[in-house]
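Read the structure below first, then the notes.
The values are calculated or read from the model by the stated rules, or taken from the named source; none is laboratory data. Note that the structure is predicted; figures quoted are calculated from it, not measured. No Cβ is skipped: glycine too gets one built from the backbone with ideal geometry, and neighbour counts run over all protein chains shown. The protein model used for the area step is the full one, side chains on, heavy atoms only, and it has no ligands, DNA or RNA in it. Shrake-Rupley method; radii C 1.70, N 1.55, O 1.52, S 1.80 Å.
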Amino acid sequence: MMDRLPVEVVGNILSRLRAARDVVIASATCRKWRQACRKHLHTLSFSSKDWPIYRDLTTNRLEILITQTIFQTSGLQALSILMEDVDEFSASTVTAWLLYTRETLRQLHYNVKTMPNVNILEICGRHKLEILDLAHNSIVGVEPNYQRFPCLKSLSLSYVSISALDLNLLVSACPKIEALELVNPEIAMSDAQVTVELSSSTLKSVYVDAISLDKFILEADGLESLHLKDCALEFFELIGKGTLKHFKIVDVSVIHLDIGETVEDLETVDISTFTIIWPKFYQMISRSLNLKRLRLWDVMFDDEDEVVDLETIATCFPTLSHLSLSYDVRDGVLHYGLQGSAYLENVTVLELGWTVINDLFAHWVEGLLKRCPNLKKLVIHGIVSEAKSHEECMMLANFTTSMVELMRIYAHVDPYFKYE
């Protein structure tokens, strides 16, 4: 049966293996498979995580292995070279790999330390690259007003050194870019204030992780997804045309946050480990009548007396189907109150959790269940300390008893418990 497979199909099979070591072993099966590897292999990956022995080889020996493998192929479309915890490679050798493959390459995932630095933009620009994933690299001297990557749709920069100006120019050099990912970039300072301004009419998704800036201005008319994580920002502003659908903030410190006035298309709002000024934030999202998922988890309120009542949530977000709230009592104030009588008619999934449990938690859960008549799934998240006092054990036991009794009443709801 295998002998009857066309050589192109064998090439696709080898490409699905991805890892270079597996491809080389499989291609040794017979002459047809060797031919498929040479002429029809389109995906190849070298990763120190896939085969830890890479780390034990000398850099010179590793360069020879990679060179031999790459140069036995023709027409590679996706190439991954991810060499973490490996000594520096020769820049000339790495340049040879990229020059050999760049005419057909569609995807490049690159994390290689070289001396000197390899200019990826110069080597791979003006070709067919659609996905570029760079890590631990330096980018300097991006040419202005030049579409260096005419086909690029996804750009990811992790632990990359780049100036704010070059970052803006690089995004502008990608006229078809749809996804941008920035992870812990080293933004070179041109003055005392670190300001990043990015502009793109084609961007649909932006993910920013571990960045510290004074000012971040993002102008993206077609942006649909924005995710900020582990960031320290004084000022963040999104300038768009109201296309944002998914907004997520995780462990972010920001003084001024503005995602625009036109957010009617918002479907998901996910806020966790964040200090929030509820009136301002509510004003931003209150017109999002199409909101389907709302998550407020481990959120600190700027005003300690601030209360977010279910009446407000039910009235402003009539299509809400997935609600996640964490239980938190500070100074006797429960920040998610049960005031009002409006029902969350469309909520089918309810996620509730605690950081520190007390006897009121079960009553709070019961109150929320009453307000969700069409609920199908209840998920309880809890944190249980290893060294539990007698009082904590009793509260956990009482809560368990209360949940058993509740689930008898709400037999149509599927309960799930996730404890840390």
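Here are the numbers for the structure shown:
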{"read-out": "Options 78, 26: the member that is among the small types (Gly, Ala, Ser), in contact (Cβ under 8 Å) with a residue 12 or more places away in the chain and in contact with a helix residue (DSSP H, G or I) (Cβ under 7 Å, 6 or more places away or on another chain)", "value": "26"}
{"read-out": "Qualifying position, being at positive phi, open to solvent by 10 Å² or more (accessible area, probe 1.4 Å), hydrophobic (A, V, I, L, M, F, W, C) and at pLDDT 95 or above, among 210, 179", "value": "210"}
{"read-out": "Residues of region 1-23 satisfying the condition of being within 17 Å of residue 47 (Cβ to Cβ), open to solvent by 70 Å² or more (accessible area, probe 1.4 Å) and in contact (Cβ under 8 Å) with a residue 12 or more places away in the chain", "value": "16, 18, 21"}
{"read-out": "Residue 266 in contact with a Gly (Cβ under 6 Å, 6 or more places away or on another chain) and crowded, with 17+ Cβ neighbours inside 10 Å", "value": "no"}
{"read-out": "Pair list, Cβ under 6 Å, 6 or more apart: region 194-219 residue within 17 Å of residue 169 (Cβ to Cβ) and of a type in the set (Phe, Trp, Tyr), other residue open to solvent by less than 20 Å² (accessible area, probe 1.4 Å) and not in a strand (DSSP E or B)", "value": "none"}
{"read-out": "Meets criteria (in a loop (DSSP other than H, G, I, E, B) and open to solvent by 30 Å² or more (accessible area, probe 1.4 Å)) for residue 109", "value": "no"}
{"read-out": "Members of region 220-257 found to be open to solvent by 40 Å² or more (accessible area, probe 1.4 Å), farther than 25 Å from residue 173 by Cα and of a type in the set (A, V, I, L, M, F, W, C), listed by number", "value": "232, 235, 255"}
{"read-out": "Residue within region 367-374 that is modelled with pLDDT under 85 and basic (Lys, Arg) present", "value": "no"}
{"read-out": "Sole residue being surrounded by 15 or more Cβ atoms within 10 Å (Cβ to Cβ) and within 19 Å of residue 327 (Cα to Cα), chosen from 285, 271", "value": "271"}
{"read-out": "In region 35-62, residue modelled with the lowest pLDDT [restricted to those that are crowded, with 18+ Cβ neighbours inside 10 Å and in a helix (DSSP H, G or I)]", "value": "54"}
{"read-out": "Selection within region 365-408 - open to solvent by 50 Å² or more (accessible area, probe 1.4 Å) and touching a residue at least 40 places away in the same chain (Cβ under 8 Å)", "value": "366"}
{"read-out": "Among residues of region 293-311, those that are surrounded by fewer than 17 Cβ atoms within 10 Å (Cβ to Cβ) and either closer than 17 Å to residue 244 by Cβ or modelled with pLDDT of 80 or more (or both), counted", "value": "2"}
{"read-out": "Failed item in (1) open to solvent by 50 Å² or more (accessible area, probe 1.4 Å); (2) modelled with pLDDT under 90; (3) more than 20 Å from residue 379 (Cβ to Cβ), with residue 316 passing the rest", "value": "(1)"}
{"read-out": "Whichever residue in region 70-81 is under 32 Å from the mean Cα position of the chain (by Cα) and under 18 Å from residue 16 (Cβ atoms) and, among such residues, is most open to solvent (accessible area, probe 1.4 Å)", "value": "77"}
{"read-out": "Residue, surrounded by the most Cβ atoms within 10 Å (Cβ to Cβ), within region 24-34, restricted to residues that are of a type outside the set (S, T, N, Q) and more than 29 Å from residue 88 (Cβ to Cβ)", "value": "33"}
{"read-out": "Residue match in region 324-340 (condition: modelled with pLDDT of 85 or more and open to solvent by 30 Å² or more (accessible area, probe 1.4 Å))", "value": "no"}
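Matching residues to (1) modelled with pLDDT under 90; (2) touching a Phe, Trp or Tyr at 6+ places or on another chain (Cβ under 7 Å); (3) of a type outside the set (Ser, Thr, Tyr); (4) closer than 30 Å to residue 354 by Cβ:
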site: 216; (1), (2), (3), (4): no, yes, yes, no
site: 241; (1), (2), (3), (4): yes, no, yes, no
site: 247; (1), (2), (3), (4): no, no, yes, yes
site: 254; (1), (2), (3), (4): yes, yes, yes, yes
site: 273; (1), (2), (3), (4): yes, no, no, yes
